[in-house]
1. Keeping to the stretch 21-47, report how many residues are surrounded by 14 or more Cβ atoms within 10 Å (Cβ to Cβ) and at pLDDT below 85.
2. Given the structure, is ALA71 over 30 Å from SER25 (Cβ atoms) and either surrounded by 12 or more Cβ atoms within 10 Å (Cβ to Cβ) or modelled with pLDDT under 80 (or both)?
3. Going by what's in this entry, would THR89 be described as outside any loop (DSSP other than H, G, I, E, B), under 28 Å from the mean Cα position of the chain (by Cα) and surrounded by fewer than 12 Cβ atoms within 10 Å (Cβ to Cβ)?
4. So which residues in the stretch 1-47 are within 19 Å of GLU103 (Cα to Cα) and among the hydrophobic types (A, V, I, L, M, F, W, C), if there are any at all?
5. When you go through (1) in contact with a Phe, Trp or Tyr (Cβ under 6 Å, 6 or more places away or on another chain); (2) at pLDDT 75 or above one by one for PRO143, which number turns out not to apply?
6. Looking at the stretch 3-20 only, could you name the residues that are part of a helix (DSSP H, G or I) and either surrounded by 12 or more Cβ atoms within 10 Å (Cβ to Cβ) or in contact with a Lys or Arg (Cβ under 9 Å, 6 or more places away or on another chain) (or both)?
7. How about the stretch 21-66: which of its residues are in contact (Cβ under 8 Å) with a residue 60 or more places away in the chain and either β-branched (Val, Ile, Thr) or assigned to a helix (DSSP H, G or I) (or both)?
8. Residue pairs, Cβ under 7 Å, 6 or more apart or interchain, first in the stretch 78-100 and among the basic types (Lys, Arg), second surrounded by fewer than 12 Cβ atoms within 10 Å (Cβ to Cβ). List them.
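The values are calculated or read from the model by the stated rules, or taken from the named source; none is laboratory data. Keep in mind it's a predicted model, so treat the numbers as computed, not measured. Cβ placement follows ideal geometry from the backbone for every residue including glycine, while neighbour counts extend to all protein chains displayed.
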Amino acid sequence: MVTQAVTPQEIWNMLIAEVGDTTPSTLAAWAPTIWDSYADKAFVYPRLQELYFHKRLIDIKLGSLANFVDASMSGDVSVRLSQRSDFLTNRKKEVQAEIEKVECWARSVRPPVVETLVATEIETPPPPGTPLPTPPPWDANSPLYKGDPYWTGTPSTQERTW
């Protein structure tokens, strides 16, 4: 049995159906642009693009529901329009928690960075005949230059006193 990969269009349709499109089908119209704006997340982990897309859809839908409020009339009639925004707010928190979990997992499985170590060594002396600075720093790592109290004299003699 050969399985085919899910296309972005199928993901868009599924998530728009879950969130619920706005009246003039704003989410369906903006889906390709929103999807492409999170293309960089797919390099971190492929599912992250879908999760960030889902979160943005919820934000747009919440914006369209911002003016909906609860209303009640005399008697037992009441309309609770804020329930939809409460549901979407909770769903957004769940999606954010999933994003954090996937990002944490993606960081933990990332391969380590391997580079060549660069070690500093004693500088090689200049070619013969080159005038040397005074006093000559024969060994830049000498304890004398580091302030070792047991070394006395000049860097060329470097005597240790106890």
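1. Within the stretch 21-47, the subset surrounded by 14 or more Cβ atoms within 10 Å (Cβ to Cβ) is 21-22, 26-27, 30-31, 34-35, 37-38, 41-42, 44-45, 47.
Keeping just the survivors that are at pLDDT below 85 gives 21-22, 26.
Of the residues in the stretch 21-47, 3 are surrounded by 14 or more Cβ atoms within 10 Å (Cβ to Cβ) and at pLDDT below 85.
2. Values: over 30 Å from SER25 (Cβ atoms): no; either surrounded by 12 or more Cβ atoms within 10 Å (Cβ to Cβ) or modelled with pLDDT under 80 (or both): yes.
Judged against the criteria, ALA71 is not a match.
3. Working: outside any loop (DSSP other than H, G, I, E, B): yes; under 28 Å from the mean Cα position of the chain (by Cα): yes; surrounded by fewer than 12 Cβ atoms within 10 Å (Cβ to Cβ): no.
No; evaluated as a whole, the condition is false for this residue.
4. Listed by number, the residues that qualify are TRP35, ALA39, ALA42, PHE43, VAL44.
5. Answer for PRO143: the failing condition is (2).
6. First, pick out the residues of the stretch 3-20 that are part of a helix (DSSP H, G or I): 8-19.
Answer for the stretch 3-20, where residues must be part of a helix (DSSP H, G or I) and either surrounded by 12 or more Cβ atoms within 10 Å (Cβ to Cβ) or in contact with a Lys or Arg (Cβ under 9 Å, 6 or more places away or on another chain) (or both): PRO8, ILE11, TRP12, ASN13, MET14, LEU15, ILE16, GLU18, VAL19.
7. In the first step, residues of the stretch 21-66 are kept if they are in contact (Cβ under 8 Å) with a residue 60 or more places away in the chain; the result is 44-45.
Of everything in the stretch 21-66, just one residue is in contact (Cβ under 8 Å) with a residue 60 or more places away in the chain and either β-branched (Val, Ile, Thr) or assigned to a helix (DSSP H, G or I) (or both), namely VAL44.
8. Hits for this filter: ARG80/ASP70.
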